Amino acid sequence: MKVWSLWDLGAFVRTRVESPWYLKSVSIQQLQEGEENALAEALAEAFRDNPLNRAVVARDVRTRVRVNRVGMWLTLESGKNIAEVWTATGDLHKVVGGLIAVPPGGWPLPGPAVGHQIWGLFRQGLRATHRWGHVYSELERVHPSEPHWYLSTLGIHPDYQRQGLASALMKRWLETVDETRFGSYLETDHPESLSFYLRYNFEIREELTLWGVPIWRLWRPGA
C-alpha cells in the first residue's frame, strides 16, 4: 500500500463507485497499490445502513457514508504491511468489495499518524468520533487474548450484493486461516450477516448491546 499525502485525501473524498450492473466476471485478489480509495468507498457503502451505523451516526445516508469512508481509510492505513486485504473486483477492474483481516499477533493495529487522526476527526466530527470510540473501547475489552485471526471487515457495495462475492472472499480467506490452524474471531451487528458467518462454522461466543444495538461476538475454532 502506498504512503498517502493530504493531497491524496482530497481526491479520496470524491471517489465514488459507478452505477450497478450484474457482474459478468469477478476476480478475488489481494489489494493492489492504488486501490485503497475504491475499496474504502465500497466498504463505506456496504455498512451504511447497518444497525450500529445508524445508531452511532444517526444521520442521513450521506453523512453515514462520509463517516464510514474515513473510518475505512484509516483502518487500511493502520493495517498497512500488517493486515491481509482481499478485494472483489468486477467488470472493468472495478473494486466492489473487500475483506480486511488481521493475522495472529497483529491485533490491535497501530493507530494512524497524528496528521491522519486530526484529518479523521475533522471529517467524521466529534460526535461520531466519540461514539465510535466507545464502541471500539467496549469491543477491545472483550477481545480474545489467545492468538487468532481477526476478521475486521467484510463487505460488498450494496449495488453488487447477492452475487456470491462475500462468499468468494470468505472462502479465499479461510483457505489461509485453515493453513495456519489458528482460530478466527469477528463481531457483527447484522442478523443476516450472523446467519452468513454461522454457515462457515463460526459459533456465537457472546451477545452484547452497544448504543441499543445487539452485537454478536463469533469464534471459529482452529484446525
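The values are calculated or read from the model by the stated rules, or taken from the named source; none is laboratory data. Just so it is clear, the structure is predicted and the values come from calculations on it, not from any experiment. Note that we place each Cβ from the backbone using ideal geometry, even for glycine, and neighbour counts take in every protein chain shown.
For the range 93-102, does any single residue satisfy the condition of being at pLDDT below 95 and either more than 13 Å from the chain's Cα centre (by Cα) or of a type outside the set (A, V, I, L, M) (or both)? Write out each step before concluding.
Start the filter on the range 93-102 by keeping residues that are at pLDDT below 95, which leaves 93-94.
With either more than 13 Å from the chain's Cα centre (by Cα) or of a type outside the set (A, V, I, L, M) (or both) added as a condition, the list becomes 93-94.
Among the residues of the range 93-102, at least one is at pLDDT below 95 and either more than 13 Å from the chain's Cα centre (by Cα) or of a type outside the set (A, V, I, L, M) (or both), which makes the answer yes.
In the range 34-45, the count of residues that are in contact with a Leu (Cβ under 9 Å, 6 or more places away or on another chain) and surrounded by fewer than 20 Cβ atoms within 10 Å (Cβ to Cβ) is zero.
If the condition is being surrounded by fewer than 19 Cβ atoms within 10 Å (Cβ to Cβ), out of contact with any strand residue (DSSP E or B) (no Cβ under 7 Å at 6 or more places or on another chain) and hydrophobic (A, V, I, L, M, F, W, C), then the range 46-62 contributes ALA58, VAL61. Within the range 63-83, restricting attention to residues that are buried (at least 20 other Cβ atoms within 10 Å of the Cβ), aliphatic (A, V, I, L, M) and out of contact with any Asp or Glu (no Cβ under 7 Å at 6 or more places or on another chain), the residue that is modelled with the highest pLDDT is ALA83.
Output the residue which, of all residues in the range 170-223 that are of a type in the set (Gly, Ala, Ser) and assigned to a strand (DSSP E or B), is surrounded by the most Cβ atoms within 10 Å (Cβ to Cβ). Even if it seems obvious, please write down each step before you answer.
Just the residues of the range 170-223 that are of a type in the set (Gly, Ala, Ser), to begin with: 183-184, 193, 195, 212, 222-223.
Checking the rest, the ones that are also assigned to a strand (DSSP E or B) come to 183-184.
Details: GLY183: 18, SER184: 25.
Only one residue tops the list, namely SER184.
Can you tell me which of (1) modelled with pLDDT under 95; (2) closer than 17 Å to TYR150 by Cβ; (3) not polar (S, T, N, Q) is the one GLU192 doesn't meet? Result: GLU192 fails condition (2) only. Scanning the range 57-92 for residues that are of a type outside the set (S, T, N, Q), part of a helix (DSSP H, G or I) and more than 15 Å from the chain's Cα centre (by Cα) gives VAL57, VAL61, ARG62, ASP91, LEU92.
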